[in-house]
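The structure appears below as structure tokens.
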Amino acid sequence: MKEKDNFKKFINKGDFTDGSIQYFLHTMSINEKEFINILITKLNDYLNNCSCEKSYTSFLEKLTNLLSILINRNNFNEKEIAYIKSSIKFSKEKILAYLVHHDNDILLDCSNTLDELVIDKNSDVNSLFIIIKELISSHEDSNIVKKFVSSNKDVLTKNGFELFDFAFNRAMLSLKNGTDDIYYYLTLMKIFYHSKINKMKYYKKLNSFKGENSIFLRQMYMVIQGIKRGISLQDINDKYGFLKPSDDTIYIPNRKIYHNPVITIDSYNTSLYDDALSIKKDSNKYIVDLFVADAGGSIVPGSVIDLDAMNNFKTSYVSGSGIRLLNPKIEKQLTLKSYKPRNTIKLTVILNDSGEILDYYLKENEVIVSRNMSYQEADNILDGILSCDFSNSIFELFMLSKALEAKNERKFGYWKLKSDLNPRYNRQYKSESIVSEFAVLYNQIVATIAKELNIPFVYRVQEEEYLTQFVNDNNLKINDVTRKLIERTYMQSKYSNMPMKHYGLGVDQYAKVCNPLREYPSLYNQYLLHQFYFKDIFMNFDYQSYLDMIEYFNKRSEEISLYKAEYDREARLIRRK
């Protein structure tokens with residue numbers, strides 16, 4: 001009885017520092033694995049009388065936290081792994097069964113803690129190595145590759161630093177051939193770098209290079225030397241070939257004006273308003289008008305403004321700076337600023353209150369936005385703190401956005417996964433669902449129109465997650481860490497001339513159309529709409545050039561992603577210095 005009390009007293013105290021644990025183990029004459037087995041037995045016994053009482057949940061929370069600490073810092077053989085997995089699964093099922101009839105956040109957290117336990121983290125590194133090579137072969141985003149490498153750094157030394165060797169040789173080939181792949185393989189070199197690589201081997205190869213002494217060559221030397229600080233922020237901008245956008249003149253045609261109240265919802269400090277909304281109720285139906293600034297109707301394809309935008313590709317916000325798609329003077333003429341007449345491409349969507357689409361059509365309109373509203377203002381309306389002329393519109397748009405969200409579980413899971421993996425996707429405001437859901441709807445329906453009419457268009461596609469099938473086909477043994485990584489990995493989206501499925505969003509066709517002031521693919525798709533749908537502006541379309549443009553979009557998109565990561569990393573290093 002005294003021994004049992006000692007365990008309970010230690011757990012209740014909640015001091016799980018390494019020194020405290022080691023002292024307790026010494027006094028009880030047991031090792032960590034024996035302690036783990038005792039805790040597992042105690043956990044299952046304790047769950048036989050599950051309760052929401054504070055003393056009960058507090059003890060259970062401490063017990064599961066202690067178990068998590070011990071399991072995560074120990075390695076186990078196959079027999080031990082099987083026992084712990086089975087016991088933890090049994091405990092988790094008991095908690096979840098209780099939670100079916102009782103709400104308790106602490107018990108739910110305990111269940112999640114048990115679910116996150118990684119028991120077989122050190123099983124065969126060979127499988128992880130094979131998966132990483134498959135990701136590189138598929139040219140997946142370097143951030144995805146980095147996550148898999150970070151899960152077990154032992155993979156870096158596999159086969160005599162084969163991953164670094166592979167990235168270096170591909171970078172050298174790109175350097176010799178002058179291909180854009182150099183951006184990707186340079187990034188991989190940084191991810192795969194290990195202080196014990198044979199530096200002289202790589203210096204000799206670099207010294208024998210006969211090509212131009214470029215900034216890329218200099219960076220390869222720096223990576224091999226293990227120098228974290230590399231080139232200046234301006235050098236990084238120059239390396240990716242950004243230009244100062246031209247402020248040449250644009251043409252703004254006269255359009256039929258739209259008279260209903262129109263609002264935008266965006267960050268309070270933005271000056272770029274790409275899209276706006278208006279809503280009215282007709283019996284039991286809702287007529288929602290979605291407006292996107294018509295940059296494609298004012299910028300001449302092939303003009304200096306267009307070529308600069310194509311080169312810069314998108315407005316990229318980086319630490320303390322940024323790259324613009326368009327010159328601020330052009331932005332000011334096109335942005336949907338309140339009280340200013342602006343040309344738009346309007347999509348009218350008729351929905352019922354369940355979010356079912358009953359009809360839609362696309363038109364060109366001039367619009368005068370009634371109000372540029374911030375997310376905070378919209379949230380204040382939804383929370384009953386603020387009331388204004390647009391309160392009913394905000395409530396109705398929010399109701400429809402939640403209905404659209406509920407109709408697509410795959411998309412909801414995709415948004416959640418993106419926000420879990422990248423903080424910039426976190427929704428801070430309820431009203432963000434209005435903007436995101438109707439932006440997706442605009443992009444989806446315009447893509448559907450392009451597909452139905454069989455007109456050339458640039459679609460955004462995403463393959464189904466293929467790593468699970470790859471693991472099964474190759475009979476790879478993977479551990480809990482790798483399995484969780486695969487479950488939480490979404491494949492990189494790509495641009496395509498084919499209207500194929502976007503698996504993350506759960507739609508049959510999708511395109512980027514609603515951000516023409518921020519992203520070149522949206523602007524280019526507006527050019528295509530004007531030529532093939534509205535038939536009022538012609539861009540001297542050539543099918544092979546269109547296919548080449550899509551290939552460029554994919555390469556440039558990858559480069560911009562690498563640029564942002566490199567710029568932000570360098571900016572952080574400068575601040576630390």
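The values are calculated or read from the model by the stated rules, or taken from the named source; none is laboratory data. These numbers come from a predicted model, not from an experiment. Glycine also receives a Cβ, built like all others from the backbone with ideal geometry; neighbour counts cover every protein chain displayed. Only protein heavy atoms, including side chains, enter the accessible area calculation; ligands, DNA and RNA are left aside. Shrake-Rupley method; radii C 1.70, N 1.55, O 1.52, S 1.80 Å.
If T489 passes every condition in (1) part of a loop (DSSP other than H, G, I, E, B); (2) modelled with pLDDT of 95 or more but one, which one does it miss?
Against the list (1) part of a loop (DSSP other than H, G, I, E, B); (2) modelled with pLDDT of 95 or more, T489 comes up short only on (2).
Could you tell me which numbered condition T179 fails, if it satisfies all but one of (1) surrounded by fewer than 20 Cβ atoms within 10 Å (Cβ to Cβ); (2) touching a residue at least 60 places away in the same chain (Cβ under 8 Å); (3) polar (S, T, N, Q); (4) over 30 Å from I81 (Cα atoms)?
(2)
Got a sec? Which of K340, K314 is touching a strand residue (DSSP E or B) at 6+ places or on another chain (Cβ under 9 Å) and open to solvent by less than 70 Å² (accessible area, probe 1.4 Å)? Outline the logic, then answer.
Working: K340 fails: open to solvent by less than 70 Å² (accessible area, probe 1.4 Å).
None of the other options fit; the residue is K314.
Before we move on, is M172 assigned to a helix (DSSP H, G or I), open to solvent by less than 20 Å² (accessible area, probe 1.4 Å) and more than 30 Å from S86 (Cβ to Cβ)?
The answer is yes for M172.
Filtering the stretch 127-169 down to residues that are part of a loop (DSSP other than H, G, I, E, B) and in contact with a helix residue (DSSP H, G or I) (Cβ under 9 Å, 6 or more places away or on another chain), which residue is most open to solvent (accessible area, probe 1.4 Å)?
N159
Take T41 and decide whether it is modelled with pLDDT of 90 or more and either open to solvent by 40 Å² or more (accessible area, probe 1.4 Å) or under 33 Å from the mean Cα position of the chain (by Cα) (or both). Full working, then the answer.
On the way: modelled with pLDDT of 90 or more: yes; either open to solvent by 40 Å² or more (accessible area, probe 1.4 Å) or under 33 Å from the mean Cα position of the chain (by Cα) (or both): yes.
Here the answer is yes, as T41 does meet what is asked.
Can we say N74 is surrounded by fewer than 18 Cβ atoms within 10 Å (Cβ to Cβ) and touching an Asp or Glu at 6+ places or on another chain (Cβ under 7 Å)? Show your work before the answer.
Numbers: surrounded by fewer than 18 Cβ atoms within 10 Å (Cβ to Cβ): yes; touching an Asp or Glu at 6+ places or on another chain (Cβ under 7 Å): yes.
In short, yes.
Can you tell me which residue among N104, N126 is over 30 Å from Y563 (Cα atoms) and either within 29 Å of the chain's Cα centre (by Cα) or at pLDDT 90 or above (or both)?
Going through N104, N126 in turn, just one is over 30 Å from Y563 (Cα atoms) and either within 29 Å of the chain's Cα centre (by Cα) or at pLDDT 90 or above (or both): N126.
Out of the stretch 492-532, which residues are out of contact with any His (no Cβ under 9 Å at 6 or more places or on another chain), open to solvent by 20 Å² or more (accessible area, probe 1.4 Å) and assigned to a loop (DSSP other than H, G, I, E, B)?
Within the stretch 492-532, N497, M498, P499, M500, K501, Y503, G506, K512, N515, R518 qualify.
Yes/no per residue for (1) in contact with a helix residue (DSSP H, G or I) (Cβ under 8 Å, 6 or more places away or on another chain); (2) over 19 Å from Y339 (Cβ atoms); (3) at pLDDT below 95:
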| site | (1), (2), (3) |
| --- | --- |
| L243 | yes, yes, yes |
| D248 | yes, yes, yes |
| I263 | yes, no, no |
| S271 | yes, no, yes |
| K281 | yes, yes, yes |
| I287 | no, yes, no |
| F291 | no, no, no |
| I305 | yes, yes, no |
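Tell me whether the stretch 46-67 contains one or more residues that are among the hydrophobic types (A, V, I, L, M, F, W, C), within 24 Å of N31 (Cα to Cα) and open to solvent by 30 Å² or more (accessible area, probe 1.4 Å).
Of all residues in the stretch 46-67, those among the hydrophobic types (A, V, I, L, M, F, W, C) come to 47, 50, 52, 59-60, 63, 66-67.
Okay, now just the ones that are also within 24 Å of N31 (Cα to Cα), so 59-60, 63, 66-67.
Still in the list and also open to solvent by 30 Å² or more (accessible area, probe 1.4 Å): none.
No.
Of the residues that sit in the stretch 535-554 and are aromatic (F, W, Y) and more than 32 Å from the chain's Cα centre (by Cα), which one is farthest from D180 (Cα to Cα)?
F538
Residues of the stretch 363-411 being out of contact with any Asp or Glu (no Cβ under 8 Å at 6 or more places or on another chain), crowded, with 16+ Cβ neighbours inside 10 Å and closer than 30 Å to E464 by Cβ, which ones?
Across the stretch 363-411, the qualifying residue is only N408.
Being open to solvent by 40 Å² or more (accessible area, probe 1.4 Å), more than 17 Å from I445 (Cβ to Cβ) and either modelled with pLDDT under 95 or over 18 Å from the mean Cα position of the chain (by Cα) (or both): is that true of R483 here?
On the way: open to solvent by 40 Å² or more (accessible area, probe 1.4 Å): yes; more than 17 Å from I445 (Cβ to Cβ): yes; either modelled with pLDDT under 95 or over 18 Å from the mean Cα position of the chain (by Cα) (or both): yes.
The answer is yes for R483.
Name the residue that is farthest from P456 (Cα to Cα), counting only residues in the stretch 536-570 that are basic (K, R) and touching a residue at least 12 places away in the same chain (Cβ under 8 Å).
K564
May I ask you to list the residues in the stretch 8-27 that are open to solvent by less than 60 Å² (accessible area, probe 1.4 Å), in a helix (DSSP H, G or I) and out of contact with any Lys or Arg (no Cβ under 7 Å at 6 or more places or on another chain)?
F10, G19, S20, I21, F24, L25
Can you pull out the residues in the stretch 71-110 that are β-branched (V, I, T) and in contact with a helix residue (DSSP H, G or I) (Cβ under 6 Å, 6 or more places away or on another chain)?
I88, I95, I106
Give the residues of the stretch 65-113 that are β-branched (V, I, T) and not in a helix (DSSP H, G or I), sorted by residue number.
Correct list: V100 only.
I'd like to check which strands (runs of 3 or more DSSP E) are fully inside the stretch 314-416 and have at least 3 residues that are among the charged types (D, E, K, R) and farther than 18 Å from D266 by Cα.
Result: 357-368.
Going through the stretch 200-225 one residue at a time, which ones are more than 35 Å from the chain's Cα centre (by Cα) and more than 14 Å from G160 (Cβ to Cβ)? Steps first, please.
Initially, the stretch 200-225 is screened for residues more than 35 Å from the chain's Cα centre (by Cα), giving 200-201, 203-213.
Hits for the stretch 200-225 are M200, Y203, K204, K205, L206, N207, S208, F209, K210, G211, E212, N213.
What single numbered condition from (1) aliphatic (A, V, I, L, M); (2) in a helix (DSSP H, G or I); (3) more than 36 Å from the chain's Cα centre (by Cα) fails to hold for I30?
With respect to (1) aliphatic (A, V, I, L, M); (2) in a helix (DSSP H, G or I); (3) more than 36 Å from the chain's Cα centre (by Cα), I30 is out only on (2).
For the stretch 542-561, indicate whether the set of residues that are closer than 19 Å to E140 by Cβ, among the small types (G, A, S), surrounded by 14 or more Cβ atoms within 10 Å (Cβ to Cβ) and at pLDDT 90 or above is non-empty.
Within the stretch 542-561, one or more residues are closer than 19 Å to E140 by Cβ, among the small types (G, A, S), surrounded by 14 or more Cβ atoms within 10 Å (Cβ to Cβ) and at pLDDT 90 or above.
Has the stretch 226-239 got at least one residue that is modelled with pLDDT of 90 or more, open to solvent by 60 Å² or more (accessible area, probe 1.4 Å) and of a type outside the set (V, I, T)?
no
Using beta carbons and a limit of 6 Å, which pairs, at least six apart or on different chains, have the first residue in the stretch 496-520 and hydroxyl-bearing (S, T, Y) and the second one in a loop (DSSP other than H, G, I, E, B) and modelled with pLDDT under 95?
Within 6 Å, the pairs are Y503/E464.
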